[in-house]
1. Stretched out fully, how many nm does the piece from His9 to Asp113 gain, at 0.36 nm a residue minus the Cα gap?
2. Once you put a point 7 Å from the Cα of Glu34 and another 7 Å from the Cα of Ala106, both along the Cβ direction, what distance in nm separates them?
3. Using Cα springs under 10 Å in a Gaussian network model of the chain, which residue among Ala162, Ala106, Ala39 shows the largest mean-square fluctuation?
4. Determine the per residue accessible area of the chain with all protein chains present and a 1.4 angstrom probe, expressed in square angstrom.
5. What FRET efficiency would be calculated for the residue pair Trp140, Arg70, taking the C-beta separation as r and a Förster radius of 35 Å, to the nearest 0.05?
6. Over the stretch 37-187, with every protein chain in place, what whole percent of the accessible area is carbon and sulfur at 1.4 Å, could you tell me?
7. Which residue fluctuates most in the GNM of the chain (Cα springs below 10 Å): Gly24, Gly171, Gly80?
8. Report, in whole Å, the centroid distance computed from the Cα atoms of the stretch 96-160 and the stretch 16-63.
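The values are calculated or read from the model by the stated rules, or taken from the named source; none is laboratory data. Because the structure is predicted, anything quoted here is derived from the model rather than measured. Positions of Cβ are generated from backbone atoms using ideal geometry, with glycine treated the same way; all protein chains shown enter the neighbour counts. Heavy atoms of the whole protein, side chains included, go into the accessibility calculation; ligands, DNA and RNA do not. Shrake-Rupley method; radii C 1.70, N 1.55, O 1.52, S 1.80 Å.
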Amino acid sequence: CAAADASNHRALVLVDLQRDFMPGGALAVAHGDEVVAVANRLQPAFDLVVATRDWHPADHVSFAANHPGRRIGDAIEIGGVEHLLWPVHCVQDTEGAKLAADLDAARIALFVDKGTGRRVDSYSAFFDNARQRSTGLADWLRERRVAEIYIAGLATDYCVAATAADALDLGLRVVVVTDGCRAVDLRA
């Protein structure tokens, strides 16, 4: 029984539930605030809770403001990696980078900061977009014998999707909690 238990730990990964992604934030996700209540309800059902944070330097490559003549939504290539340009958001140590005010953070065992490098973005909770740098989350989950993760957060079409894809590539079982996600839909 102990061996079966060892590989059946589950973790909840809360993706980017930060103020800049909430209504009124710099990169507001429509109805993003509704995800916070779902995240709070889910947390007690899990052995481990992890939260990711976009944690960008002010001169981050993905900010349209750092590329004169470029607009939000434009794609550029730097160092062989395509980057989508976004509004300035979740800059390290700013109000917008803080967790959503209503998120219960008491059960969060690990915070994973991503997008911390100046020259490459990071949508996934596991790797940067160039897959050159790991966040350490995979090792942390392995050490705790987590075999299955549930993902909720923002935004479904970027950071949640990238996190789910990388988790599957790493051999984890993945469940995306669809009522706990919202899309940014940059095309809208």
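1. Values: separation 104, 0.36 × 104 = 37.44 nm, distance 2.28 nm.
Taking 0.36 nm per residue and subtracting the Cα distance, the gain is 35.2 nm.
2. Going by the 7 Å Cα→Cβ label model, 2.7 nm.
3. Among Ala162, Ala106, Ala39, the largest GNM mean-square fluctuation belongs to Ala106.
4. 47
5. 0.45
6. Details: 3450 of 7270 Å².
Result for the stretch 37-187: 47 percent of the exposed heavy-atom area is carbon or sulfur.
7. Gly80
8. 10
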